[in-house]
Amino acid sequence: MKRVSAMIVFYTLCTLVVIVWMIPLMVAFFTAFKTMDEIFMLRNFWSAPTKWSAENFKTAWIEGRMQRYFVNTFIVTVSSVAATLFLSSLSAFALAWYNFRMRNLILIIFVAGMLIPFQMLLIPVYRFSVVTGLYDSLLGVILFHISFQIGFCTFFLRNFMVTVPKSLFEAAKIDGANAFTIYSRVIMPLVKPAIAALFILEFTWIWNDYLWSLILLQSDAKKTVTIGLTALQGQWISSWNIIAAGALLAAVVPVTVFLIFQRYFIEGLTIGSVKG
């Protein structure tokens, strides 16, 4: 009976947390389908619209230039995630399976880089991007995302790679496989769940990035979704329905990616937690 009571309390609290968390999302969802007349007349933000209309999404997408911002964000996110995962998997492979001088020092440098607050680097990064000609370019944003994310990804993947049995690595070497063959055909397939989990995290973080896009981008044609939402708020400051529609559009992509890869995400986070 105590166990049943504890389970009831646990699931009740979880349900309440989910409801509280969903309230702002539902308000934004209903607001995005309402007209401004209905919003100001009813003043009931949590009620469903009397007449559903997708016109606000069309306005945010075309007049708010969200379509251009989506393309920019997609280019930045996909390029940054792909390059970060590839480079960090190579460095993690070297740190996990090869003994060389200063290996531990390099790992410490990777971990130490994760501890530096990004806010301390705003001015140096800005001045460096101006001097090198990377300012106000998508390439500059991509390169800085790669440089700042590669430390965490290397640390994350290295911890997964060291759990792979060493006998597999040695057997591949005895069979004559070179380093890249062992990396691509032995190690990477075994850490695929970790790669998937890291892919979801990195995709979400970079897609929702606001800080570096704000610092490194100036032209409206090169803005990302998060910066575009700020411009949307300035242009339609009193049009809450259009702003809500734009925010929902910006959230569609990372939510979709998470729903598609959630099985691999959970598997990647729990791998190695149970032995035998």
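So if we plug the beta-carbon distance of Phe100 and Asp220 into 1/(1 + (r/R0)^6) with R0 = 41 Å, what FRET efficiency do we get, rounded to 0.05?
That pair, Phe100 with Asp220, gives E of 0.30.
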Inset, instruction - Compare Gly113, Gly176, Gly140 in a GNM of the chain, Cα atoms joined below 10 Å, and give the one with the largest fluctuation. - result: Gly176
Legend entry - Theoretical gain in end-to-end length, Leu25 to Val164 [0.36 nm per residue, Cα-Cα removed]: 45.9 nm
Inset, instruction - Using Cα pairs closer than 8 Å and at least 6 residues apart in sequence, work out the relative contact order for the chain, in percent. - result: 30
Inset, instruction - About the Cα centre of the chain, how large is the charge dipole given +1 on each Lys and Arg Cβ and -1 on each Asp and Glu Cβ? Please answer in debye to the nearest 20. - result: 660
Legend entry - Computed lengthening from Ala54 to Val186, 0.36 nm per intervening residue step minus Cα-Cα distance: 42.6 nm
Inset, instruction - Please report the relative contact order for segment 2-53, taking Cα pairs under 8 Å with a sequence separation of at least 6, and give it as a percent rounded to a whole number. - result: 32
Legend entry - For Glu202, Glu55, order by how many other beta-carbon atoms lie within 10 Å, fewest first: Glu55, Glu202
Legend entry - Helix-derived mean residue ellipticity, 222 nm - over the chain, DSSP H n ≥ 4, -39500 (n - 2.57), to 500: -23500 deg cm²/dmol
Legend entry - Relative contact order %, segment 71-191, counting alpha carbon pairs below 8 Å whose residues are six or more apart: 41
Inset, instruction - Please give the length that would be gained between Phe86 and Val4 if that part of the chain were fully extended, namely 0.36 nm times their separation in residues minus their C-alpha to C-alpha distance (nm, one decimal). - result: 24.8 nm
Inset, instruction - Take the alpha carbon gyration tensor of segment 9-109, find the square roots of its eigenvalues, order them as a ≥ b ≥ c, and report rounded if a/c is under 1.5; if not, report prolate when a/b exceeds b/c, else oblate. - result: oblate
Inset, instruction - Enter the angle in degrees (range 0 to 90, nearest 10) between the Cα long axis of helix 192-207 and the first principal axis of the Cα atoms of the chain, meaning the one along which they spread out most. - result: 40
Legend entry - In nm, spacing of pseudo-spin labels at Trp46 and Met114 (7 Å Cα→C-beta vector): 3.9
Legend entry - Rounded, prolate or oblate (a/c below 1.5 giving rounded, otherwise prolate when a/b exceeds b/c) for the chain by Cα gyration tensor: oblate
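None of the figures in this text is laboratory data; all of them are computed from the coordinates on show. Since this is a predicted model, take the numbers as computed values, not measurements. Here Cβ is always computed from backbone atoms with ideal geometry, including for glycine, and neighbour counts include all displayed protein chains.
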